[in-house]
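Have a look at the structure below, then the notes.
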Amino acid sequence: MWLLTTFGFFSIVRKPEDRGTGMVTVRARVRGDIESLRAKYLPGLSEIESTPDHDYAWRGRVTRATWPPVSAGSRLDINYANFETEVAQHMGYARELVYHDVWETLSALQQQKPDRMG
């Protein structure tokens with residue numbers, strides 16, 4: 001799962017080493033993002049690990065049972081009319097531009113014929 005928020009971008013996955021442990025791995029490209037996630041919603045996140053040779057440079061682990069309240073909490077905090085404007089206000093214009101690029105890339109899905117969208 002990808003999660004783009006007004007305080008960071010995250011990838012939440014169940015890595016092979018998570019199987020059978022009840023854990024998921026939370027990954028981020030920016031350390032400040034995963035630190036914000038911990039401070040805001042996820043105090044039980046494991047020690048943040050630096051993984052510069054991986055596709056996500058920062059990661060931590062948390063129990064799968066802990067994750068749903070994080071997702072719900074971030075949804076309840078939505079109090080803005082425009083996501084990109086809110087990102088610019090909280091994280092700066094440079095981050096808003098990156099998020100806009102994601103938005104623009106995904107807008108191509110609207111242009112595809114229904115049989116091509118899966």
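If each DSSP helix of 4+ residues adds -39,500 (n - 2.57) and the sum is divided by the residues in the chain, what number results at 222 nm, nearest 500 deg cm²/dmol? Numbers along the way, then the final one.
On the way: 5 runs with 47 residues, N = 118.
That calculation yields -11500 deg cm²/dmol at 222 nm.
Counting every pair of alpha carbons in the stretch 1-82, the share spaced more than 15 Å apart comes to 54 percent. Taken over the stretch 5-46, the percentage of Cα pairs per 5 Å bin, counting from 0 up to the bin with the maximum distance, is 6, 23, 30, 22, 14, 5, 0. A probe of 1.4 angstrom, applied to the heavy atoms of all protein chains, finds ILE48 with accessible area near 20 square angstrom.
Of the residues GLU49, GLU35, the one with the largest accessible area comes first in the ranking GLU49, GLU35, computed with a 1.4 Å probe on protein heavy atoms.
SER107 sits with roughly 40 Å² accessible to a 1.4 Å probe, with DNA, RNA and ligands left out of the calculation.
Could you tell me what a quarter of the Cα convex hull surface of the stretch 65-104 works out to, in nm² with one decimal place? Could the numbers behind the result be given before it?
On the way: hull surface 13.9 nm².
Across all orientations, the stretch 65-104 yields a mean hull projection of 3.5 nm².
Working note: Karplus 6.51/-1.76/1.60 with θ = phi - 60° gives the stretch 31-48 the couplings 4, x, 5, 6, 5, 5, 4, 4, 5, 7, 9, 9, x, x, 4, 4, 3, 6 Hz, where Gly and Pro are set to x.
Through the Karplus equation 6.51 cos²θ - 1.76 cosθ + 1.60, θ set to phi - 60°, convert the phi angles of the stretch 52-57 into ³J(HN,Hα) values in whole Hz; use x for Gly and Pro. For the stretch 52-57, the Karplus-derived couplings read x, 8, 9, 5, 10, 6 Hz, x marking Gly and Pro.
Stokes-Einstein D for the stretch 39-90 at 20 °C, 1.002 mPa s, Kirkwood Rh over Cα pairs, in µm²/s?
Values: Rh = 13.3 Å.
Approximately 161 µm²/s, per Stokes-Einstein.
Among VAL13, VAL98, the sequence by solvent-accessible area, most first, with a 1.4 Å probe is VAL98, VAL13. The 1.4 Å probe gives accessible areas that order GLU47, GLU86, GLU104, largest first, as GLU47, GLU104, GLU86. Heavy-atom accessible area for ARG31, with the other protein chains in place and a 1.4 Å probe, reaches approximately 90 Å².
The values are calculated or read from the model by the stated rules, or taken from the named source; none is laboratory data. On a predicted model such as this, the values are computed, not experimentally measured, just so you know. The area values use the complete protein model at the heavy-atom level, side chains included, leaving out ligands, DNA and RNA. Shrake-Rupley method; radii C 1.70, N 1.55, O 1.52, S 1.80 Å.
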